[in-house]
Every structure is written in structure tokens, then in C-alpha cells.
Amino acid sequence: MAATLSTAIDVHFTGPKTDTKRPIFFTKHQRHSPTRRRFTIYCNSLSKSPLKSPQNLSESTNPKNPSLSDQLKPLSATTLPTTTKEQTHLLSNPKSIWVNPARPKRSVISLQRHKRSLYSYNPNVRELRLFAQKLNNCEDTESAFLAVLEEIPHPPTRENALLILNSLKPWQKAHLFFNWIKTQNLFPMETIFYNVTMKSLRFGRQFQLIEELANEMVSNEIVLDNITYSTIITCAKRCNLFDKAVEWFERMYKTGLMPDEVTYSAILDVYAKLGKVEDVLSLYERGVASGWRPDPIAFSVLGKMFGENGDYDGIRYVLQEMKSLGVQPNLVLYNTLLEAMGKAGKPGLARTLFDEMVDSGLTPNEKTLTALIKIYGKAKWAKDAMQLWERMRSNKWPMDFILNNTLLNMCADIGLEEEAEKLFEDMKVSENSRPDSWSYTAMLNIYGSGGKVHKAIELFEEMTDLGFELNVMGCTCLIQCFAKARRFDDLVRVFGVAVEQGVKPDDRLCGCLLSAVSLCEEGEDVEKVLACLHQANPELVAFVKLIQEEGSSFETVKEGFRSVISNSLDDARRPFCNCLIDICRNRNLPERAHELLYLGTVYGLYPSLHNRTAAEWSLDVRSLSIGAAHTALEEWMGTLAKIVRRQEALPELFLARTGTGTHKFAQGMTSAVASHLEKLAAPFSQSEERAGCFVATRDDLVLWVHSRTPSTVV
DNA sequence: TTTGCTAAAA
């Protein structure tokens, strides 16, 4: 399996030019920071984090047990390979352990998993479990709990107590029971009692209590084992107390205990969540160099980390590593990698990976399908999405409400109104997949982007009746819908209701309001919409007014633009600029529109607007609004005319890319550009071979320029 | 029926 997987990866990634001799790990990690550097960073970061161990911990006085950073420091300084060749070898073939005979490598991981004590059958299981249920269900006070404890059916021996403790679900009950056993003083409290209690506390995210118990163990000289540490570390992680997680990991080394692979994966995940990619890789490589054969969980941690960073090279690295170590992915690992592929923007590879997963005999679960449907929706791969949906039905693959909502979102992304309506109705009569506020929001999105005002209003009323509050996205969808239908009074009303309900307008919502402003005729409506926008983003409103004043200098506009853009989220910047340009075009301020397009380009909002090769020059307006596209087109034609007049070198072909209009926001772009080109009498015509493109030849363009102006050379 | 590690949506 692994072979086919990586073959597919190579084909997709490198194409025919695959150089098999190239180190696997040639990615950005190495480009920016080669191995040696990575180690240095890692050691520094560890030694910088101060240890806050309690006084009674013997670790700090034991020179035989240096901290992990101390252990690694001499290694990084002396034994790491220094030449590129050696680095490559170490990285591309982690199975082979690099050995320096003069300096044996110190291990960082225990290759043996902590072994559990044998479980002996307890004849009182049923009664004790029933009793535990009683405790679970009793009132949540200490007195009520102690009262029920009076009825304990068998004496709380070590085994009986463990069984009960293990069956107590709410952390409060487990904690109370644990404390009670301690007061009974019938047997010494062993590590396992602490471990079981901590597990329950972790479920309730009670890190403080866990830490108290851990310190109690230290002072009572009860051994903390790998299970204890991994529970502490994962609890800290779940409570977002990453410093604490690292701190306990270090303490573990200091006491001389080696982490086993479970603890090791847990800490890898901590560093991954902290965004310390370098550290994770160092730890990973050190583990492998110690003889560790990472399991699917470890690879899942790595894959997820790379996915979060949108780092496809990293995901490729994980796949290669799995292949070279012969690790067979399990379902969870596949799910993580699929999701990572989605985040890295590789729908094709996600599809390949999924096919291989199914071929390998695994059955996808809800999470697999959710990940994949989401990827197809975002990529607007309608065909693949529909095929997968069909397969889900015919194979009766598992579904849940999240998958259903993801399907609705996919329908919104692709514009499948009927399919969504059908699913939504099915959900209403289903047993355990009833529409929730996410489902309603997805439907609002579909009606909003499709401009179906009546359906949107109906849906909004329905969800209000059912008690679902409008969230910020639902509000944005409705506002978009009303703006398209020029129903500005309704727009203002919905905005008011939403804000009253506690919706906090975000940049997307502001973008939507700004777009509504561009659609208003000047007068009352504009003021009403601007008043809404003012509540959300007063600076933006001030800037809208500034650009419409003829007296505003370019410098003032530039400064205002800089401020507005830098105060908005990255995703919202280009839409803001597009709407601002539209506003200027609609108010007959073409000069200002050109200034704004210029500023947008300077600030990198339109990175792929112009493309030049020797054979053709193109203008790609697909990410522009119609007003911005007009402006860009004028700008481009002006530039081309100048170049023609200066008789500079020109390519054979010119191309204006408008897209095919299949994108729901890009509808009307093609006809708008067509009519604009017609007005200019420019020699561009819609290409037959290349969908969504207007083309002109060099000769036609030159003729056109000369026909417009007497042949004066500038 | 068992003391620890990976997983979810605009």
C-alpha cells in the first residue's frame, strides 16, 4: 500500500521530473533551517523554559539525571553530522541509525511500553458496578455521596475500590471517592489509584487538581510512571496549558524516567500545538535514532501539524517516512492525513489517498467522509462531491449530523440548491440528525448566495420559531441576500435584530455591508446601510466618505487605505478593496477607483493579476469585482497602448481571463467585460479553445492602438 | 470488559 501511495504522491507532486536521488526532506524546513540549526533552536527553547519544580522533588539534586535539554546539548554540539551528505543521509533514511563510534548516542525514548499489571477477575463485578452507578447518579454533594457510600455492598478492598473508582464518571465523584479511600486507610495508595483518578479529572479538565495529586505523589514518594506523566501532559494540553505540559515532560527526564512511545507522542503533540515544528522534528528524529518505530498515532501528530501549517511538503515527508518504516496507516491516521491534505490545498491528493484507503480494505467513517466532502466543496469539485455522496448512500457508509451539515455546506459552496433542500427535509424527519443552527446557517448561505429572498426569509422565520439564534454567518448570508434584492430596509432590520441578539459583526459581515453600500443608489439607503457599518467598523465608514470627497489627496487616501487594510483580517482585505472600487465606479469617480486598484496592488491584494510569458501576456480578473475588473482593464489597455506607441517588444497573444462564470460570485463577469471591451472597441474576442478567456493578437492590438490615436510616438 | 497517546464544521 505504502508503495502505491508514495508513487501517487511523487507523480502528483514532482511530475515527470522526479529526481529520486533528491533528499526527501528538501522542503522549506530545511531551506529555512537545516538540521543543525533545528537542534540548536530546540535546545535553546528547552533550556529557556524555567523549571518550576517543587522543593521536595529530588530531581534537582540528582546529577545523574540531567534534563532533556542538557542531554541533547552536547549531542547537538558534537555528534550531529555536519556535512550536507551526512545530513541528507540521516534525514532521508531514518531507519539507519547514524552511529559515531567515539560517542555513543544517548537514548531519548524507552522502547518498551509501560506494562500493565495483570487484571484478575473480580467476582463482585456486577454488584460493584451497580453500586458505582448509584454513586454516579446521587446528588452532587459530599454528604449525599457519603450517605450512599454507607451502602457499599462489599468491603472496599484494593480490587473493589479500583473497580468502583474506574466506573465513576463525573470527575467530582471520582475525586470524592479517591479521597474517601485514602481516609479509610485500608491499604497503601498505589500509583494506579492516582492514575485512574487523574484520568477522570482530565475528562473534567481539572488540571489544577491533577497537579495537586501529582505533587502529593511526589511528597508521599509514590512513583509517577509513564501513565501518570502522559495523563498529566495530555490534561495540560487539553486545558491549553502548554507550558505546564512541557514542564512535566522535563521533570520526567529529570527524575530519570524515560518516556515510552505513548508519552512521547503526547509531548510531540504538545510541541505541534505550540507551533514548534522544528522541535517536533528534532524530537521525532531523536526518537527514531534511538530505535523507536513510530506508530500511526505519532504519524498522525506529524501529519496534523503539517496540515495546520498548510505544508504539503511536510505531509509528503510523513508519507515517505511511513513508507520507509513500513507503517500501515489506520483509519484515524488516514482521516488526519486527508484533513491535512485539505488544509494544504491538495484535493487531488486527498482523493488518491482516499481511494487507497478504501482499496486497502478500510471502511471510511463519518470523519473520513466529512473531511473529503469538505475538501471537494471548497475546491468546487462538484462531480467528485456528487459521486462520493452517491457512494456514501449505496455503500451505506456511516453518517452523522456533522457530515450532514458538511454536505449542506458543500452544497452551498458548489451551489446545489435542490440537493441541499432534499437533504434538509430528510434531516427534519430523521432520528438523530435533526437540523441544528449549523444546518440552518448552511441553508441561509445557499439561499443568500443564490439570491432567493423569499426562501431565505421563510427559513429565517422558521429557525427563529424553533429558537435557533442567528449567528454572525447567518446574519451575513441574510444581509447578502437582501442587498442583492435591493431590500435595504429589511437588511437594516436584520442587522439590528442580530446585533441585539449578541452577534458581533466580523470583517466578513462588514465586507457584506460594504458591498451593499456599493449597490445602493445615493441617498437615504446609503445612509441607512452606512449607519449599520458604522456600528461595526467606524473607520471603514470614515474611509468610504473620504474617498468620495473630491478634495481628498492621494496621500490622504493612501494613509486611510493602509490603516483600513492593516486593521482587517487577511481574508477580508481583497473583498474590501473590491467593494471600495465598486463604490467609486458607481459614484462616477473613476480616477479614485484607479488609485484604489493601484493601492490594492501595492499591498499585495491582487498577486496574480498580471502574468507575462514570452508568448503571451494576460490579465486575470477572476478575483476582482466587476467595478475592479473594469478599472483593471482600463489600466491594462492604457499600459498596452503606451507600450505599442513606444514600439517595445510585444508577445504574440494577449489574454483577459474572466473565468467561466461557474463560480457563484463571478456570474456576470464575462458579460460585463464583454460589454466593456465593446465600448472600447478593443480587438478582444471570446476564445473558442480557452474557456473563460478573451484573446487578441498582437497585430490586431497594434492596429487598434494606432486607429485610436494619430501615429504619434510617445 | 481493561490506569496513559491521534480525530470534527462557516
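The values are calculated or read from the model by the stated rules, or taken from the named source; none is laboratory data. If you're wondering where the values come from, they're calculated on a predicted model, not measured in any experiment. Counting neighbours? That spans all protein chains shown, and the Cβs are built from the backbone with ideal geometry, glycine included. Protein only, heavy atoms only, side chains kept; ligands, DNA and RNA dropped before computing areas. Shrake-Rupley method; radii C 1.70, N 1.55, O 1.52, S 1.80 Å.
Structure data summary
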{"read-out": "Criterion (open to solvent by 10 Å² or more (accessible area, probe 1.4 Å) and either under 34 Å from the mean Cα position of the chain (by Cα) or within 13 Å of DNA strand B (Cβ to nearest atom) (or both)) met by exactly one of A:L213, A:L201, A:L209", "value": "A:L209"}
{"read-out": "Matching residues in segment A:237-271 - criterion: being within 12 Å of DNA strand B (Cβ to nearest atom), open to solvent by less than 10 Å² (accessible area, probe 1.4 Å) and more than 15 Å from A:V108 (Cα to Cα)", "value": "A:A245, A:V270"}
{"read-out": "Counted residues, segment A:257-300 - those being without any contact (Cβ under 8 Å) to a residue 40 or more places away in the chain and hydroxyl-bearing (S, T, Y)", "value": "5"}
{"read-out": "Any hit, segment A:401-413, residues being more than 11 Å from DNA strand B (Cβ to nearest atom) and open to solvent by 30 Å² or more (accessible area, probe 1.4 Å)", "value": "no"}
{"read-out": "Unmet criterion (only one of (1) open to solvent by less than 10 Å² (accessible area, probe 1.4 Å); (2) touching a Phe, Trp or Tyr at 6+ places or on another chain (Cβ under 6 Å)) for A:G377", "value": "(2)"}
{"read-out": "Among residues of segment A:441-454, those that are more than 9 Å from DNA strand B (Cβ to nearest atom) and under 17 Å from A:F468 (Cα atoms), counted", "value": "1"}
{"read-out": "Pairs with Cβ under 8 Å, 6+ apart, first in segment A:163-178 and within 14 Å of DNA strand B (Cβ to nearest atom) and open to solvent by 40 Å² or more (accessible area, probe 1.4 Å), second in a helix (DSSP H, G or I) and β-branched (V, I, T)", "value": "A:N166/A:V196"}
{"read-out": "Pair list, Cβ < 8 Å and 6+ apart or interchain, from segment A:691-712 residues that are modelled with pLDDT under 90 to residues that are in a strand (DSSP E or B) and not β-branched (V, I, T)", "value": "A:G692/A:R657"}
{"read-out": "Subset of segment A:319-343 [near DNA strand B (Cβ under 10 Å from one of its atoms), surrounded by fewer than 22 Cβ atoms within 10 Å (Cβ to Cβ) and aliphatic (A, V, I, L, M)]", "value": "A:L331, A:V332"}
{"read-out": "Considering residues of segment A:362-384 that are assigned to a helix (DSSP H, G or I) and of a type in the set (A, V, I, L, M, F, W, C) only, the residue farthest from DNA strand B (Cβ to nearest atom)", "value": "A:A382"}
{"read-out": "Qualifying positions in segment A:467-483 - more than 14 Å from A:D436 (Cβ to Cβ) and either away from DNA strand B (no atom under 11 Å from the Cβ) or out of contact with any Ser or Thr (no Cβ under 9 Å at 6 or more places or on another chain) (or both)", "value": "A:V472, A:C475, A:T476, A:L478, A:I479, A:Q480, A:C481, A:F482, A:A483"}
{"read-out": "Complete set of residues in segment A:216-227 that are more than 7 Å from DNA strand B (Cβ to nearest atom), touching a residue at least 24 places away in the same chain (Cβ under 8 Å) and in a helix (DSSP H, G or I)", "value": "A:M217, A:V218, A:S219"}
{"read-out": "In segment A:278-302, the residues that are closer than 19 Å to A:G342 by Cα and either within 9 Å of DNA strand B (Cβ to nearest atom) or surrounded by fewer than 24 Cβ atoms within 10 Å (Cβ to Cβ) (or both)", "value": "A:F299, A:S300, A:V301"}
{"read-out": "Which numbered condition A:E678 fails, given (1) part of a helix (DSSP H, G or I); (2) of a type outside the set (S, T, Y); (3) open to solvent by less than 40 Å² (accessible area, probe 1.4 Å)", "value": "(3)"}
